[in-house]
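Written below as structure tokens is the structure these notes are about.
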Amino acid sequence: MKEGDQARNFALLDHTGTRRTLYSFLTDGPLVLFFYLIASSPICSAEACHFRDLAAEFAAVGARRVGISTDSVDRQAHFAQQRSFDFPLLSDVGGSVAEQFGAKRSALAKLSRTRPAASSGRHARHRDGWLTRITTRRKTFVIDENGTVCKIVSNDLRANIHADQALWYLRTEYRKPLPY
């Protein structure tokens, strides 16, 4: 996925168990869709909390915020409650939406698909689930009402840059003619 591409619709469950679609988020204005690795991890918490803390600024530019990771609905619900998020967290357990948006690490994704079956037990299940979850890249997409990807922010380590750059784009560049 690159800037100027049309985002395909998808349907996922949010942290409350409600089925949500991409296009339903686009009805009232632009969407800021941010992919994060693991709910409640330090960097992901900082990233999502920064999106939460900038709620008034995003509202002022008419943008909705939605987080997405490969965590389960239950894990997303715990994360949302723990951090008092005012936006949906989507559960992309299989990583298909992350792959669609180019937010999946190809080498790790391939490794997680080709690994031999792990031994049974709690630790093996945790290890396999962890490997699946770290295949997601930290990426943020600003998507307009027509489903066009207008801006992509990609940085795996600097959590605040995602909300800051998306907000900067919406304030200064959004609605200007795109160069492509």
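The values are calculated or read from the model by the stated rules, or taken from the named source; none is laboratory data. Just so it is clear, the structure is predicted and the values come from calculations on it, not from any experiment. In this analysis, Cβ positions are derived from the backbone assuming ideal geometry, glycine residues included, and neighbour counts consider all displayed protein chains.
Given the structure, is Leu90 closer than 18 Å to Ala163 by Cβ and not in a helix (DSSP H, G or I)? When the stated conditions are applied, Leu90 passes them.
For the stretch 21-48, the set of residues classified as closer than 17 Å to Phe141 by Cα, under 14 Å from the mean Cα position of the chain (by Cα) and not polar (S, T, N, Q) consists of Leu22, Phe25, Leu31, Val32, Leu33, Phe34, Phe35, Tyr36, Leu37, Cys44, Glu47, Ala48, listed by residue number.
In the stretch 139-158, the qualifying residues are those that are of a type in the set (A, V, I, L, M, F, W, C) and outside any loop (DSSP other than H, G, I, E, B), and the one that is farthest from Thr27 (Cα to Cα) is Val153. Residues in the stretch 57-71 that are under 16 Å from Tyr174 (Cα atoms) and buried (at least 20 other Cβ atoms within 10 Å of the Cβ): Phe58, Ala63, Arg65. Among the residues of this structure, Gln76 counts as one that is out of contact with any helix residue (DSSP H, G or I) (no Cβ under 9 Å at 6 or more places or on another chain) and buried (at least 21 other Cβ atoms within 10 Å of the Cβ).
Taking each residue of the stretch 44-63 that is over 21 Å from Leu26 (Cβ atoms) and without any contact (Cβ under 8 Å) to a residue 24 or more places away in the chain and looking for partners that are assigned to a loop (DSSP other than H, G, I, E, B) and of a type in the set (Lys, Arg) with beta-carbon atoms closer than 9 Å, six or more apart or interchain, yields nothing. Scanning for something surrounded by fewer than 12 Cβ atoms within 10 Å (Cβ to Cβ), at pLDDT below 90 and among the hydrophobic types (A, V, I, L, M, F, W, C), does the stretch 99-121 turn up at least one residue? Checked the stretch 99-121: at least one residue is surrounded by fewer than 12 Cβ atoms within 10 Å (Cβ to Cβ), at pLDDT below 90 and among the hydrophobic types (A, V, I, L, M, F, W, C).
Considering only the stretch 1-56, state which residues are buried (at least 19 other Cβ atoms within 10 Å of the Cβ), out of contact with any Asp or Glu (no Cβ under 6 Å at 6 or more places or on another chain), part of a strand (DSSP E or B) and among the aliphatic types (A, V, I, L, M). If the condition is that a residue be buried (at least 19 other Cβ atoms within 10 Å of the Cβ), out of contact with any Asp or Glu (no Cβ under 6 Å at 6 or more places or on another chain), part of a strand (DSSP E or B) and among the aliphatic types (A, V, I, L, M), then Leu31, Val32, Leu33 are the ones that fit.
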